[in-house]
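Working notes, beginning with the structure itself.
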Amino acid sequence: MSPITWILGNWKQNHLQDAAAGCAKAIASGISDAMAPSQSELRVGFAPSYLSLAAARPHCRPQSPIWLLAQDCAAQESGAFTGEVGALMLKEAGVEAVILGHSERRALFAEGDALVASKVANALDHGLTVVLCIGEALEAREAGTHETTVISQLSGSLSKVKPEHLDARLVLAYEPVWAIGTGRTASPEQARDMHRTIRGWMRDKFGAAGADRSILYGGSVKPNNAGELIGAGDIDGFLVGGASLDPDSFLGIVRAAAQTTRPS
Ligand code: PGA
């Protein structure tokens, strides 16, 4: 388990620039108060669209404690890759971390583990923090193959990491597809059990450096279920979609996490 607690928002394809700036500003103005009760280190951030990064940036580090994230990053450094945005471009825009392998990119844009693995290695090579998403579809959960599905994604998506990548810059996010945007949350026990499976595999594969990675949960996290989830143990924070679009509900999740003592 990591001593750091992450609360990250994924704004997806939402918020035009004015709305992004307003949302970022409202979160920044309430963040110190929301984080105050925390006994451990809290890292809070959000991922606007590429085109709203500049609008949100004045409200992020170093002006506030908030990390600026991107929702994707090209697998290549630069070149003839029409439509892609690379790690150096993101860094220039003030981005510190990037979400990779989100289930929407895997399902809707046919991103496979091999492509995700290249993106992960490239982003880490360029000094970005990576939030790698993995998670099973409903069919796998119902068939009882959820653990093998997630471990297979993890193994494929981390196939290009190097030993030097296994530091705090590699963060994992377990997001069961059936819980994303559905209002159906994994139970605290389901989330905790999967996090233990992931951590066990990381230890077997990469040793202590692998086992120490932060593992976040994502899927219909709201202010009213965040405390219960984080209190279950082995959950190092959240990747939040829908509830991160509203500053009050996002800050409510930060506050719930800050007020809950995580079991050691
Ligand atoms: P959700 O999305 O919180 O709206 O379920 C989570 C995610 O896609 O990261």
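The values are calculated or read from the model by the stated rules, or taken from the named source; none is laboratory data. Predicted model only: the values in this text are computed from it and were never measured. Positions of Cβ are backbone-derived with ideal geometry, glycine not excepted, and every protein chain shown enters the neighbour counts.
A few notes on this one:
Here is a yes/no grid of residues against (1) at pLDDT below 95; (2) of a type in the set (Gly, Ala, Ser):
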site: LYS162; (1), (2): yes, no
site: ASP167; (1), (2): yes, no
site: LEU170; (1), (2): no, no
site: ALA173; (1), (2): no, yes
site: THR185; (1), (2): yes, no
site: GLY218; (1), (2): no, yes
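- Taking the listed residues ALA19, ALA70, the one that is without any contact (Cβ under 8 Å) to a residue 40 or more places away in the chain, small (Gly, Ala, Ser) and in contact with a helix residue (DSSP H, G or I) (Cβ under 6 Å, 6 or more places away or on another chain) is ALA70, with no other qualifying.
- Flag for ALA140 being surrounded by 15 or more Cβ atoms within 10 Å (Cβ to Cβ) and within 16 Å of the ligand (Cβ to nearest atom): no
- Per-region count, region 207-264, residues within 10 Å of the ligand (Cβ to nearest atom), under 17 Å from THR197 (Cβ atoms) and surrounded by fewer than 20 Cβ atoms within 10 Å (Cβ to Cβ): 0
- Scanning region 69-82 for residues that are in contact with a strand residue (DSSP E or B) (Cβ under 7 Å, 6 or more places away or on another chain) and of a type in the set (A, V, I, L, M, F, W, C), we see that the one that is nearest to the ligand (Cβ to nearest atom) is LEU69.
- The residue list ILE66, ILE7, ILE31 contains one member that is within 16 Å of the ligand (Cβ to nearest atom) and either buried (at least 19 other Cβ atoms within 10 Å of the Cβ) or among the β-branched types (Val, Ile, Thr) (or both), which is ILE7.
- When each of VAL150, VAL177 is tested for being within 13 Å of the ligand (Cβ to nearest atom) and in contact (Cβ under 8 Å) with a residue 40 or more places away in the chain, the lone residue that passes is VAL177.
- Any hit, region 115-127, residues being under 27 Å from ARG61 (Cα atoms) and among the acidic types (Asp, Glu): yes
- Near pairs, Cβ below 9 angstrom, 6+ apart or cross-chain, from region 214-233 (assigned to a helix (DSSP H, G or I)) to any residue that is of a type in the set (Asp, Glu) and more than 10 Å from the ligand (Cβ to nearest atom): PRO223/ASP248; ILE230/ASP236
- Matching residues in region 15-61 - criterion: being at pLDDT 95 or above, more than 22 Å from LEU132 (Cβ to Cβ) and outside any helix (DSSP H, G or I): HIS15, LEU16
- Condition check for ARG203: more than 16 Å from the ligand (Cβ to nearest atom), part of a loop (DSSP other than H, G, I, E, B) and over 21 Å from GLY242 (Cβ atoms): no
- Exactly one residue out of VAL98, VAL116, VAL120, VAL85 is more than 14 Å from LYS12 (Cα to Cα), within 16 Å of the ligand (Cβ to nearest atom), modelled with pLDDT of 95 or more and touching a helix residue (DSSP H, G or I) at 6+ places or on another chain (Cβ under 8 Å): that is VAL116.
- Annotation: ALA87 fulfils all but one of (1) under 23 Å from THR182 (Cβ atoms); (2) buried (at least 21 other Cβ atoms within 10 Å of the Cβ); (3) out of contact with any strand residue (DSSP E or B) (no Cβ under 7 Å at 6 or more places or on another chain); the unmet one is (1).
- Qualifying residue in region 126-134 (condition: polar (S, T, N, Q) and more than 14 Å from the ligand (Cβ to nearest atom)): yes
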